[in-house]
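S.K.: One structure, as structure tokens, below. Some questions next.
The values are calculated or read from the model by the stated rules, or taken from the named source; none is laboratory data. Values in this document were obtained by computation on a predicted structure and should not be read as measured data. Neighbour counts are summed over all protein chains in view; Cβ atoms, including those assigned to glycine, are modelled from backbone coordinates with ideal geometry. Protein only, heavy atoms only, side chains kept; ligands, DNA and RNA dropped before computing areas. Shrake-Rupley method; radii C 1.70, N 1.55, O 1.52, S 1.80 Å.
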Amino acid sequence: MIDSIRWVYTNMIDPKLTDIVSALALIVIGWLLQHYLLKYMIQKIVRFFEKKSKLMTARIIEHFSREIRHAIFTLIVFFSLSFIMESSLFSNQSMLNLLYSLMVFYFFKGVYDVLAFYANHPESFHLDVSKSTKLTPFTLRIINAFIAIIAIVLIASLWNFNLNGFLTGIGLTSVALAFGVRDTSSHIFGGLSMTLDKPFQVGDYISTEDSKIEGVIQDINLRSTLIATADKGIVYVPNAYLMNKPIYNLTKREKRKIQTYYYISTKHTEEEIRNICNEVNKQIILHPQTSKDDLILVYIDEFHADYYRMLVSYYIPTNDIHERYEVQQDILFVIKQLMDEASIKLVDQDSIKINESERDYISN
């Protein structure tokens, strides 16, 4: 092995035992210094910037700290090996390229770690110029992918790798794979569309038109979006599915619509039904938390052999879910009281469905 090294470093002399021990001691001391002392100093710097409310600067230094320590330890190892051989490792172009490659890797790995942190914690990302400026997790992951490509290209260029042939091969392979991963690519482009259109962001409460998916956006990945639903837990929804469905961003609403139906027996007279509709409408208007600027509808909208269907629709000028249910609860109790006082008889919805299904069966 020594003969192989001497073939590269002709000026190298056989290392003495004391030189080897000294070099190993230097490496151990260097590791201890970077692992304890330097790590402690970086933590103090991070806390200093946190006290100054420079949280972004603190996070960048914190996530770069490991790569900084690795870079310093790598330099210590190179100097130690140079001391053993009494010949500088930096005099050989291959070793120099190796050192440069490691430094490029450490730098881009630090950048990657910072962006990965903010992709997983988008709520803590802000710029000093505007506290409200945010990048979506999907955008940060796309940037990370480009950073990885740039790092590979830079390292390859240091070793004079033939990038033209490599890129040509990637192009041909991409065309071949495109037909086999059409679904995956559609999800990725769906994620890109969401990044550009920004129909929602992490933390928003959304619902699809058919209400099959309703919940809070937890994360937006390259292929899927994580949604925390009330009844199904965390749901992984393909991005292409969301982009091909009408999506309601309920977080952006300034008001909420409440719409319910009551099925009144046809045994009641027209006057009784009109009176109950008017009384319900009056009570909804009198409630302090219902919107008076939007339509309040209390009408009979359907007539069947066994029942009238009464529509009750109104708006609440809030997006708070608790306020929404409190107001709806108040209105429900008022309607129940009014119907009891007027002796209005409601028809059971289950019996309505059974009767309708029987009529459909007989007609068929």
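S.K.: For the list (1) of a type in the set (Ser, Thr, Tyr); (2) surrounded by fewer than 16 Cβ atoms within 10 Å (Cβ to Cβ); (3) at pLDDT below 80; (4) assigned to a helix (DSSP H, G or I), I need the number of the one condition that SER130 fails.
M.R.: Condition (4) is where SER130 drops out.
S.K.: When region 334-364 is examined, which residues are found to be surrounded by 10 or more Cβ atoms within 10 Å (Cβ to Cβ), modelled with pLDDT of 90 or more and not β-branched (Val, Ile, Thr)?
M.R.: LYS336, GLN337, LEU338, MET339, GLU341, ALA342, LYS345, LEU346
S.K.: Before we move on, is LYS257 in contact (Cβ under 8 Å) with a residue 40 or more places away in the chain and closer than 30 Å to ARG223 by Cα?
M.R.: So LYS257 does not fit the description; no.
S.K.: Follow-up question, since we're still on this one. Given the condition within 35 Å of the chain's Cα centre (by Cα) and either hydroxyl-bearing (Ser, Thr, Tyr) or in a strand (DSSP E or B) (or both), answer yes or no: does some residue in region 266-279 qualify?
M.R.: The answer is no, given that none of the residues of region 266-279 is within 35 Å of the chain's Cα centre (by Cα) and either hydroxyl-bearing (Ser, Thr, Tyr) or in a strand (DSSP E or B) (or both).
S.K.: Name the single residue, out of those in region 195-208 being in a loop (DSSP other than H, G, I, E, B) and open to solvent by 30 Å² or more (accessible area, probe 1.4 Å), that is modelled with the lowest pLDDT.
M.R.: By that ranking, first place goes to LYS198.
S.K.: Name the residues in region 23-67 that are among the small types (Gly, Ala, Ser) and either touching a Ser or Thr at 6+ places or on another chain (Cβ under 6 Å) or open to solvent by 70 Å² or more (accessible area, probe 1.4 Å) (or both), would you?
M.R.: Of everything in region 23-67, those that are among the small types (Gly, Ala, Ser) and either touching a Ser or Thr at 6+ places or on another chain (Cβ under 6 Å) or open to solvent by 70 Å² or more (accessible area, probe 1.4 Å) (or both) turn out to be ALA23, SER53.
S.K.: Cβ-Cβ under 8 Å, sequence separation 6+ or interchain: first residue in region 36-59 and closer than 16 Å to ASP113 by Cα, partner at pLDDT 85 or above and open to solvent by 80 Å² or more (accessible area, probe 1.4 Å). Which pairs?
M.R.: Note: pairs meeting the criteria are ALA58/ARG47.
S.K.: I've got another one for you. Could you please give the count of residues in region 209-246 that are assigned to a strand (DSSP E or B), free of Cβ contacts under 8 Å to residues at least 12 places away in the same chain and open to solvent by 60 Å² or more (accessible area, probe 1.4 Å)?
M.R.: Counting residues in region 209-246 that are assigned to a strand (DSSP E or B), free of Cβ contacts under 8 Å to residues at least 12 places away in the same chain and open to solvent by 60 Å² or more (accessible area, probe 1.4 Å) gives 0.
S.K.: Okay, next question. Restricting attention to region 254-304, report how many residues are of a type in the set (Phe, Trp, Tyr), surrounded by fewer than 17 Cβ atoms within 10 Å (Cβ to Cβ) and more than 21 Å from TYR325 (Cβ to Cβ).
M.R.: Looking only at that region, the number is 2.
S.K.: Which condition from (1) of a type in the set (Val, Ile, Thr); (2) touching a Leu at 6+ places or on another chain (Cβ under 9 Å); (3) over 30 Å from LEU346 (Cβ atoms) is the one that THR251 breaks?
M.R.: Only one criterion in (1) of a type in the set (Val, Ile, Thr); (2) touching a Leu at 6+ places or on another chain (Cβ under 9 Å); (3) over 30 Å from LEU346 (Cβ atoms) is unmet by THR251, namely (2).
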